[in-house]
Amino acid sequence: MPELPEVETVRRGLAPVMEGARIMRVEARRPDLRRPLPRDFVKRLEGQTVTGIGRRAKYLTADLASGEVLLMHLGMSGSFRVSHDGKKATPGEFHHPRTTAQTHDHVVFRLSSGATVTFNDPRRFGLMLIVPRGELESHPLMREVGPEPLGNAFDADLLAAACSGKKTSLKAALLDQRVVAGLGNIYVCEALHRALLSPKRRASTIATRTGTANPRAIALVDAIKAVLTDAIKAGGSSLRDHRRTDGELGYFQHHFRVYDREGKRCVTPGCGGTVRRVVQNGRSTFYCPTCQK
Ligand SMILES: [Zn+2]
């Protein structure tokens, strides 16, 4: 499942191609992805100018001149392919390589700029819905989504308040999309390592007795923002070099400090510990028991 940095990188790849362009033709090659495509899907998109490409949590949004929003999710295996003047690119860097097999091209947008944007999704856990702009925040998929981790509103007090009184592990709390949006297994492990906090620690221990932030919450919010910013920067720089956009290089992986590094030396300066893998709530956690307390 792509996490926030990957989705943001896709957004940054699509924005220059789609913003300001008119959707001339839409080909919906099957009636459904994870859910059926909306009623009159093609009709509501054709002829519309895209006024903006945004992101909320792991969802992409295309604002249309009609006042509706095309809401998109990559699911497990979805990707977009942009072709223009014979050049092809797949914006975004993914932990698992993306396919370009045409049998999995499900939705094709032909734009007034001459560019074609194709949604490819072998496992079909992706999603496309059309929602009126004014109803987006209250949409069932959106209304419980927590704060954006890179937004100004997300700070140590907000995170501490959300974790205060929680008996779950800190890792489980960070994976809860109501606590903070867009984080998954990889970046939760990475952020906890940077903050030198154990994933097994009780979530409530980053808050004071009155629910305000303690130094752990401050360190954790700094780490979350830093990890995501670095990952987006790494993905963004790879966008400029289309040879790297096939995902084969596992670009993000090279930057992991603990994720998928079981048995390797911890990179925290002066630590000397070894990265361990444990299973929490059925998922692998990578951490360093020596410096993460
Ligand atoms: Zn360590």
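For the reader, a short list of remarks on this structure follows.
- Per residue convex hull volume, Cα atoms of the stretch 26-83, in Å³: 110 Å³
- Per-q log10 I(q)/I(0), the stretch 185-228, q = 0.15, 0.19, 0.20 Å⁻¹ (Debye; single scatterer per alpha-carbon; no solvent): -0.34, -0.53, -0.58
- Mean ellipticity per residue at 222 nm, deg cm²/dmol - from DSSP H runs of n ≥ 4 across the chain, formula -39500 (n - 2.57): -7000 deg cm²/dmol
- Mean separation of Cα pairs under 8 Å and 6 or more residues apart, divided by the residue count, gives the stretch 44-136 a relative contact order of 31 percent.
- Rg(Cα) / (2.2 N^0.38 Å) computed for the stretch 134-194, rounded to two decimals: 1.16
- Kirkwood Rh in Å, taken over all unlike Cα pairs in the chain: 20.1 Å
- Between residue 84 and residue 178, the distance separating the two model label sites (each 7 Å from Cα on the Cα→Cβ line) works out to 4.2 nm.
- For the pair residue 139 and residue 30, label points projected 7 Å from Cα toward Cβ lie 2.1 nm apart.
- Of the DSSP H helices in the chain, those that are both long (alpha-carbon extent of 27 Å or more along the helix axis) and hydrophobic (Kyte-Doolittle mean at least -0.5) are 215-239.
- A simple count of charges around residue 42, restricted to other residues whose Cβ falls under 12 Å of its Cβ and scoring Lys, Arg +1 and Asp, Glu -1, yields +3.
- Estimated from the Cβ-Cβ distance and a Förster radius of 30 angstrom, the FRET efficiency linking residue 233 and residue 209 is about 0.20.
- Largest first and in whole Å, the equivalent-ellipsoid semi-axes of the stretch 30-186 read 31, 19, 15, each the square root of five times a Cα gyration tensor eigenvalue.
Taken together, the values in this text are just the output of simple stated rules run on the coordinates, not laboratory data. Note that the structure is predicted; figures quoted are calculated from it, not measured. As a convention, Cβ positions derive from the backbone with ideal geometry for all residues, glycine included, and neighbour counts pool all protein chains shown.
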